[in-house]
Each structure stands twice: as structure tokens, then as C-alpha cells.
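For reference, the structure is listed below as C-alpha cells.
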Amino acid sequence: MRCWTFLKFHKVNFFMKNDQSHFQTNPRIRNRNGSHFLFIFILIFQTFFTLLFSGTDWRNTANYQIDAQLDDSLHQLEGSETIVYINSSPDSISQIWLLLYPNAYRNEETALGREQRRDRQTAFHFSTKKDRGFINLESVQIDGKSVEIATPSDSSDLGIIHLPEMLLPNDSIQIDINYTLKFPNIFSRSGYSRGQYQVFQWYPKIPVYDADGWHPYPYLNNGEYYNEFGDYDVTITLPEDFIVGASGTLVSPASEIARMDSLAKIGALFINMSDADRKRTLKKHESLSGVSTQMKTIRFVARNVIDFGWIADRDFLVQKDYFAYPGTCDSIALWNLLLPENAKVWRNSLSIVKNTLTLYGDICGPYPYPTVSIVDGSKSPINGGMEYPMIANITPQRFDLLMQATIAHEVGHNWFYGILGFNERENAWLDEGINTWAECRYFDRFVPISEQRILPEPLRNYLLTDFTHATLSRLSFDLVTGMNAELPSNLSAEQYPTAQYASAIYAKPSIGLALIEKYSGREKFDGAMKTFYDEWKFRHPRPDDFRASLERSLNIDLSWFFDDLIKTTKRLDYQLQSATSKFIENQWITDIIIRNAGDLFTPVLVLLSKDGNMLDSAWIYPKSNRETFRFKTKSKPSLIAIDPDRLTPDVDFSNNYSKLPILLTPILNPDKPDRFQVFFLPFATVDYTNGIQTGAIFFRGNITPIRHQFIIKPLYGWKSTRILGYYSYKNTLYDRVGTEFNYSIAVAQASGRESYHFSANKAVYPKFFRNHRRDFRFGLEYHNIFDLHSFDPQCWTKGRTTAATGSWKSQRQWFLSEREFLSKLRIGNATISGIGSNLFAKISSEYIFHHKLDQSESLNLRVFAGFTVTSLTTSLPRQEYWYASGGIDPSFQEFFIYDRSGNTPFSPLRNWHLANGINLIGYQKYSGNRGAFGINSEYRFRSTFAFCDFGDALNRSDRFVGHLDLGVGLKIGPLKFYLPLYLNHPKDADGLPQLTNFKSLKYRWTLELDLKGFSASL
């Protein structure tokens, strides 16, 4: 984050809510006249009133009157606004900052542009000038006098007004601004797309001034806002056929209010139609729809909010309903503006809004505004949802579980962040973490666990049966900790990569808050949350304020949460080390030794049970890495569990139980920590030698990474009548964040061979953005090829090979480019029938470079060189040769090879390509046993590509000739189809002339399964 100069001031309490009179007469507020003295008297009275009934903090206010005129033909907006800024601080202010967020889309030199480059998001980079946006300030006046705007050199979306006079405490100032806004394509949260205007972060506004001074944050995609509270009076002029949803209440004209009510009746009919009727109605509507050039002016009013946004579309359908809290007379208007093609997805949306208002009202306090709107933003390429006061912009989700979660989450943000006004840029975990905790409470209250499955009926009863909202809410934390990539939760938002942002800002704080709730009791915790909300609503609390309020209400020390869980990457790994039970004086005494392999300590629930019946449970709070706890029960416990409900941020629950019964589970379900869970999947494959093979895959370690993983794959070959199989074990260890170490053992019994592998791997990467990764690998291999019927004798030699391997790989990413450098060493001993034992060493290096030329164009380059060291009298096994057209996998690491016998086109070095070695497409079976050199280039345009390769494979007596190929190809998903059009030495390939007849097509085409892609991947 850019360090701005902040000033420290003492705190004084002041709170003021302004009415619309500030906007009616456009007064020269700072004039020293009678009305001004009356205004100051009112301010002093309100200050005194607030001192009596509030806390001790002050808060400034910014009120806005905005007049906006939309030009639909140019996708522009002409705006004029009046800001009344009230300085309630004890400080004299010499300058005022402005947030000019539409300028984030002006060019790539903005903070957003730099962020896009860092995150390798290329759409904005490759956009044209007409696709970008800006805001031009035509005039800026303070109390009727023109002033200049200064702009930081690296932030055109920020402006500074140097005041002609100091703005004194308890004084106010009026700023009048005329501006032109050009809407960009939607690259982030605002813009124009396919007839829809998403008008958010669209007007000049004043950031928060608090005890730390100004907070002028530039616009970023990863990180939200910190705005002053105020009142908004917004007038919008636009074509009359647009339907508009906005923050606030539509107050005029009466004709538009009546139109919206009429549209809501039509929308109710449409929503309740059958799918077939909806399609017919939609088709008829599309044939009759036109574009109006007549204009209308509508007006919205919002009180005591931190922002104002709106969305406009001609295609919206409208739903409307009402909600009222029990015992109140005032009802809240609920609006849903949806696109007709998504009607089925939105059918229950307002019921979800009602439930959200109910829940948040119970855990915090009633919703204080007169309207709630949820709008369909699916014309944007951005997925998910985004909250603003009284309105949430949501992309419809495919699954009902995700749709409920998105609506509940975004509407819930009206409390966390909207009413509490958190600093979302510096303390993003406050609003997202607390709101994710509340979202979990929504599902706990309104959605039975059987209905929380992610898939729709009837699939939910067979697939992903255990994949519920609770699993989803914790998933990012489990994934990131499993990858050893966690970060503290108290960093500023721009410091996080996307994956770590979800874990650190949403999941980890939510887990901690749910643990505090369970530990202290739901009723007591809800009371504490209400107290915090009542104390700090509309006042910008900070983490220390949240901590002080919770600790005071709960009367417990929460250092483990605020100091350790939030501020560090300390890990918790409770383990049940031992348990002994003795029968003493008519009761069972059980001593449990709990070890913490990590350095984070939290309260945890311990449960003792027998045959599924609970004997005892208690909360404990270990303070050291090894502690003993004693329990007394009437019966001897058969099961002891630490944290059976997975409430803590434990990184490994499998060691929390005294025993783990084996459980077979279909693939694609989350791991059950209370079972030794083995996933299975019926499996069938086919190859030339064995024909169809059937069996199953049994494995441990599924959606979330675990330390101990294995795979068992027994198969039966119906053609060969052989029992085949593959078996592997992997153990992953972590040194620290940014370093990973694992080792694995594998055994394979396959057609005509047996193989044994051992490998040890270490990966090192940056703590934050993983744009540079280094991998070190050491391995031992043994292969015995005892039957050549399963192997192509031109490429394979019968016998035993023992090898030691080592490799070093470095991967690096930049904005448009990425590169990979890989060096390998293979030292082996081959025992060949009739020849004897032969020593050899193979050394190779390759460099891969990928550069993106446009959104649909890229250029790839690869350089490879390798050579073999061996004595002149020995014979190298043919599988260790350098083959011109690619690899044959002598280490048997490739699983997607149909045929190694050479009897079908889908055999390496025929029409099936393994990207390795020289990669001269088209030169099948041309090889050398001494050295290899290759240069591969590829130009991609969307799904097509052209390639050119040059190199050679050398024997001992060969001289360098230089083989060349040219061709074109097609990539569809993971499959790449190559067609060489020209070979400069066809006699070393298929012996055919160039593609002058179609016979050569039979030999030239090549297919590759490209799961990794040509470029380096971190």
C-alpha cells in the first residue's frame, strides 16, 4: 500500500444526521450570516445530545446531491453534484481528498492497472481506448469559487483539493462539481455490457477522515472501500424504457413508481409460468421489443449510508414483496430486478432476502433502511456478487445452494460493512469474516442439512452427498493450509493473491468466530454481537474496538483469536497422543495426553463416548505443546475425539481420534475426519495388449490435501487374462510457509514389466504471490521388461534397468510471459539379455518461454539439449535413446498411453505424441544414442496454431544434419492435433513426399494429450 501522510488527533464525540435542507437552497454555508450562526447552534446542540447518548468517538459526514444524465448512444453520463462536508473532528483541515474511481479505467498506469498486471489479468491490457473509461471534472467550486484539483502522479483516480481556508472543527463546506463519466466495459465492478449499465463507484466522493487522518485509497479489484456516511439525493435522467434499481427509495415521479408496481405484477406472473410458457413469452417479447428515445427523470433518496449505486437495463423483470419485523408497523420494500432468461434461478430470491433480514435482525439489530434490492448482473463477465447500501449486484448461480449463499451474504453486507462502516481496505476480514460467520448461521437456521447439498435433485442424493455449505465455507482454508500457503488475516487487501484472500479474509476469521460462539454459548455470543453493533453502528469501528467489545461482553481473553489467528500464520494441530482408562472407586478415570504439533492454541471440545452414546464432553484450553487432561465417566469410553465438530482451525483432524474406523466413500466427497476414509471409483481402461481392463481405484486424500495419501488400482485385463495393478504412497511434510517436501513410493505390475519407484521432492516458492517456484527432485527407479510382446521392439529393449534421477526446475511468471527451466540427470545401469551390465548417464536441459500477444494470440518457444555418456563398447537400451519426434516415457510416469507395442496409431512415436526431448513432429522413430538438440516454436490463435521445429538426434558417428518441420494444428480442450505440412528430410520420417497426396496424412497426423499446456504452470 502507498503510504500517505496521516495526522494523529485526539478523539471527541460528535454525530450528526443532516436533512434534505442542505440541498434545497445551495447556500454559501461558510458565510458568516445569521443563518450560519443558527446552523452552528444546531451543530452544537446535536454534538451535546450525541455526547450524552453515544460513545466517545466522532465521525465526519458527507452529504450528496447528484444530478446525472445518461447518454445511451455514447455510453456516457453528464453529472453535477453538490457535496456538503461536515467536519465533526477536533482538527482544522487544510485539504480534502476526492475519490475519482472511474479514472481507474483510464489507462494501465493506475493502481487497478498495476494490480491487473500483478495478477496476470489481461483483458484490460488488451482492451482498446473505446473500451476503457474515465471521469473528467469540468469544474470544481468551493462556496462558489473555482478551485484546482491536484492529482498524485501514480493515482489518477485520486484528487486533492487544497482549501482556500482551513475547515475548522464543527464547520462545514460546500463543494460543487460538474463532471463527465465515460463507462468502460466491465473489467471490475462498474461499466457497460450488452445493454446494461452497472453504475457503481461512479461519482466524485470524499473518503474517510478519522483519527489517523485521510484514507484516500485508489481503486482496486481486490479490496473494497472506506467511505463516509451521509445522505444522498440522486436524480437520474435516462431513456424511459430503462428499468432502474438503486440504493435508496424511488420517490418521484409518481408515474415511475406506478410503473414499477405494474412491472412487479407482470414479473410475478412470469416467474410462476412453466418453463415452456416462459420461453414462448420471452420469444414474443424479444420480437416486439424496441428502443425508446424518450427520456425520463427519476429520483432516489437514501439516508445515512456510505455509498450510492444503481443499475439500469431495458430487459429487467421485476419482483416485489414486503417484510416487517414482528411488533413494528413499518414495512421494508423488497425488490428483485432479474433478466427473464434467469427467472427460474431467481424464483425464491425474495424469500431468501426475508430470511436474511430476519437472521441479521436477531443477531445484530433490525434493518434500518426502507428498501432492499437485489439485481441480476449476469450481463457482466464478472461472476459472484457485490454489495452496496440497500442494493446487491448478483450474478445468478447455477446451484441453489450457491444462490442462497450469495444472496444471503450480499444482503447481509448491509450490516457488515454498510451500517458499521468498516475500513474494508485495511481490515477486510472484519466485514467479510464476520459476514461469512453470519452466512453460516443463515444456513444453520433456515436450510436443513439434507438440503444443503450443492447439486440439484436428483443428483444430490448420489453425488457430493456430504458437500454442504459448512464444507464450502471452510474449503478455501483447508485448501490453502493444505498447500502450505496461508497468510495472516490482518494485511491490507491489496497484499493478497486471490486464493489466499478467500482463506485469510473469509474462511479463517469465520472459523474463529464460530469457535468463540460455541465456546461461550450462542445466546451469550449473540448478545455480545448485538452490543457491539449497538455501540458502533454508523461509527467506523476498528479491530481493537471489536475486540474490546467482545471481551467485555463475554468476559474472556480472546488473544488467541485477535493476536494469533488473525495476525499470524501460526498453525494448530491437536493430536490425541494417548489415552489410558482405569476403574477406580466405581468410576472410570481416563487420562488423555493431547499434543499440539503447531504453535496456535485455542479452546477445544473433547468428547468421550461409548457405542455412539456420549459419556462426557468438556471444553479445554491447552497452553503448552503437551498436556494431560483427566475425565471421569461411569463407563469405559470406546471413542475419544478432539474437536469432533471441526470447530477449530486444525490443519489435520485425522489424528484427533482414538480410533478411525475404515469408511469406503464414493469419489468427490469431502474428507470425514472421524473415519479412515478411503475413496473409491469404479474404473475401466483399455490398451492394445490387455484389451478392456476393469477394476477400481481406491485412494486416500480427495478434495482437501492431507499428509498421508495412497492409491491402489487393481485391474483385470480381459484380453490378456492378467491381474494388473498400480500402488503408491505419498507423505507430504512442511518446513514452513513457502516450502513443501514430500516423498513417494510406487509399485506397478503391468503388461510385460514390473516397476518400482521412490522419489523425494522439495518445492520452494514466495510466501505471497507464487510467481516464482523452484522444485528439486531425487528419485530411484527399477524396471524389469520381461515380455516384449507388450512393447515395440524398435523402441524398447528387454532387460532390467536401475536408475538414479535428479532434476531441478525453476518456473517464473510475469504479466504476459512465463518461463520454465528444467535440468535432468539420469544415471543408470541396464542389464540386457545376452550383453551384460551397461552403465550410462543422460543429461538434459530445456527452456520454455510463453508470451501472450493478445487475448487470443500467444507465442511459445522451447529449446532442448541433451547428451548421453557411456563407453564405446556398451549398448544402450533403446528406451534410453533420444527420439526425434518426442518421448516414449522410459520411467513409466505417463498414465495416458493406450499402446506401447507399436501395433496401433496410438503408440508413442507413431501418431501419439509425448511432449519431451527434441519434439520434431513427423520424424517418427528417427533417433540417436549420443545427443539431441531441438528448437520448438508455436504461434497460437484461439484454438488453432502453427508450429515450426528444428533439431537433430545424433549417434556417435553422426554429423549434425538439421531436421526441420512446419505444420498446423488444432487444440480442443486438452487434446492437440498436429499436422506436419513440410519435412526437409522426409527420408528420415515416413519416406513420403510432402503433403501432395492424402496418403501421407495417415502417417503424418499426431495427437497429444496436453494436460499441462505448452507453458510453464505454477
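The values are calculated or read from the model by the stated rules, or taken from the named source; none is laboratory data. Just so you know, these numbers come straight off a predicted model, no measurement behind them. Positions of Cβ are generated from backbone atoms using ideal geometry, with glycine treated the same way; all protein chains shown enter the neighbour counts. Ligands, DNA and RNA are stripped out before the accessible areas are found, and what is left, the full protein with its side chains, is counted by its heavy atoms. Shrake-Rupley method; radii C 1.70, N 1.55, O 1.52, S 1.80 Å.
Would you mind stating whether GLU109 is outside any loop (DSSP other than H, G, I, E, B) and either of a type in the set (D, E, K, R) or not assigned by the TED database to the domain that holds GLY191 (or both)? So GLU109 does not fit the description; no. Scanning region 751-780 for residues that are in contact with a Gly (Cβ under 9 Å, 6 or more places away or on another chain), at pLDDT 90 or above and not aromatic (Phe, Trp, Tyr) yields HIS757, SER759, ALA760, ASN761, ARG777, GLY779.
Here GLY695 clears all of (1) surrounded by 15 or more Cβ atoms within 10 Å (Cβ to Cβ); (2) at pLDDT below 90 except the condition numbered (2). For region 304-338, which positions are closer than 15 Å to ILE394 by Cβ, over 26 Å from the mean Cα position of the chain (by Cα) and assigned to a loop (DSSP other than H, G, I, E, B)? Residue satisfying the conditions is PHE316 alone. Would you please list the contacts, defined by Cβ atoms under 7 Å and residues six or more apart or on different chains, that run from a residue in region 621-636 that is assigned by the TED database to the domain that holds LYS582 and of a type outside the set (A, V, I, L, M) to a residue that is open to solvent by less than 100 Å² (accessible area, probe 1.4 Å) and outside any strand (DSSP E or B)? Final answer for the pair search is TYR621/PRO603; PRO622/PHE601; LYS623/PHE601. Just one of the listed residues (ASP241, ASP261) is in contact (Cβ under 8 Å) with a residue 60 or more places away in the chain and over 29 Å from SER127 (Cα atoms), and it is ASP241.
Any residue in region 415-438 that is assigned to a helix (DSSP H, G or I) and either without any contact (Cβ under 8 Å) to a residue 12 or more places away in the chain or surrounded by fewer than 19 Cβ atoms within 10 Å (Cβ to Cβ) (or both)? No, region 415-438 has no match at all.
Within region 906-916, can you find the residues that are part of a loop (DSSP other than H, G, I, E, B) and in contact (Cβ under 8 Å) with a residue 60 or more places away in the chain? The answer is PHE906, SER907, LEU909, ASN911, HIS913, LEU914, ALA915. Check ARG878 against each of (1) on the phi < 0 side of the Ramachandran plot; (2) touching a strand residue (DSSP E or B) at 6+ places or on another chain (Cβ under 7 Å) and name the one condition it does not meet. Among (1) on the phi < 0 side of the Ramachandran plot; (2) touching a strand residue (DSSP E or B) at 6+ places or on another chain (Cβ under 7 Å), ARG878 violates only (2). Just one of the listed residues (ILE556, ILE589) is among the β-branched types (Val, Ile, Thr) and assigned to a loop (DSSP other than H, G, I, E, B), namely ILE556. Filtering region 473-508 to residues that are of a type in the set (D, E, K, R) and either within 22 Å of PHE443 (Cβ to Cβ) or without any contact (Cβ under 8 Å) to a residue 12 or more places away in the chain (or both) leaves ARG474, ASP478, LYS508. Taking the criterion of being at pLDDT below 95 and more than 26 Å from the chain's Cα centre (by Cα), the residues of region 345-363 that qualify are ARG347, ASN348. Checking each residue in region 802-817 for being in a strand (DSSP E or B), open to solvent by 10 Å² or more (accessible area, probe 1.4 Å) and of a type outside the set (Lys, Arg) picks out THR802, ALA804, THR805, GLY806, SER807, TRP808, GLN813, SER817. Of the numbered criteria (1) in contact (Cβ under 8 Å) with a residue 40 or more places away in the chain; (2) within 16 Å of THR82 (Cα to Cα), the one GLY191 fails is (2). The conditions of being under 30 Å from LEU112 (Cα atoms), in a loop (DSSP other than H, G, I, E, B) and open to solvent by 30 Å² or more (accessible area, probe 1.4 Å) are met by PRO766.
Within the option set SER885, SER901, SER871, SER907, being of a type outside the set (A, V, I, L, M, F, W, C) and open to solvent by 20 Å² or more (accessible area, probe 1.4 Å) holds for one residue only, SER871.
Would region 532-550 turn up any residue that is surrounded by fewer than 21 Cβ atoms within 10 Å (Cβ to Cβ), assigned to a helix (DSSP H, G or I) and modelled with pLDDT under 95? No: region 532-550 contains no residue that is surrounded by fewer than 21 Cβ atoms within 10 Å (Cβ to Cβ), assigned to a helix (DSSP H, G or I) and modelled with pLDDT under 95. Does region 274-291 contain any residue that is closer than 30 Å to TYR369 by Cβ and open to solvent by 80 Å² or more (accessible area, probe 1.4 Å)? Scanning region 274-291 turns up no residue that is closer than 30 Å to TYR369 by Cβ and open to solvent by 80 Å² or more (accessible area, probe 1.4 Å). Taking (1) open to solvent by 80 Å² or more (accessible area, probe 1.4 Å); (2) closer than 17 Å to TYR574 by Cα in turn, LYS632 satisfies each apart from (2). Taken over region 641-663, the criterion of being assigned to a loop (DSSP other than H, G, I, E, B) and not polar (S, T, N, Q) is satisfied by ASP643, PRO644, ASP645, ARG646, LEU647, PRO649, VAL651, ASP652, LYS659, LEU660, PRO661.
When region 842-864 is filtered for residues that are charged (D, E, K, R), exposed (fewer than 15 other Cβ atoms within 10 Å of the Cβ) and in a strand (DSSP E or B), only GLU857 remains. Of the numbered criteria (1) at pLDDT below 95; (2) open to solvent by less than 40 Å² (accessible area, probe 1.4 Å); (3) in contact with a strand residue (DSSP E or B) (Cβ under 8 Å, 6 or more places away or on another chain), the one PHE653 fails is (3). Looking at region 228-267, which of its residues are under 27 Å from TYR217 (Cα atoms) and not in a strand (DSSP E or B)? Residues satisfying the conditions are GLU228, SER247, GLY248. From the list ASN342, ASN355, ASN383, the one residue that fits, being more than 18 Å from SER247 (Cβ to Cβ), assigned to a loop (DSSP other than H, G, I, E, B) and open to solvent by 20 Å² or more (accessible area, probe 1.4 Å), is ASN383.
Here are the criteria: (1) open to solvent by 20 Å² or more (accessible area, probe 1.4 Å); (2) closer than 24 Å to TYR417 by Cβ; (3) not in a helix (DSSP H, G or I). Tell me which single one ALA514 does not satisfy. So the condition that ALA514 fails would be (3).
Each row is one residue, and each column tells you yes or no for (1) aromatic (Phe, Trp, Tyr); (2) part of a loop (DSSP other than H, G, I, E, B); (3) at pLDDT 50 or above.
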{"residue": "VAL12", "(1), (2), (3)": "no, yes, no"}
{"residue": "ARG28", "(1), (2), (3)": "no, yes, no"}
{"residue": "SER35", "(1), (2), (3)": "no, no, no"}
{"residue": "LEU51", "(1), (2), (3)": "no, no, no"}
{"residue": "SER73", "(1), (2), (3)": "no, yes, yes"}
{"residue": "ILE83", "(1), (2), (3)": "no, no, yes"}
{"residue": "ASN103", "(1), (2), (3)": "no, no, yes"}
{"residue": "GLY113", "(1), (2), (3)": "no, no, yes"}
{"residue": "GLN116", "(1), (2), (3)": "no, no, yes"}
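From the list GLY917, GLY928, GLY922, GLY886, which one is in contact with a His (Cβ under 7 Å, 6 or more places away or on another chain) and of a type outside the set (Ser, Thr, Tyr)? After ruling out the rest, the residue left standing is GLY886.
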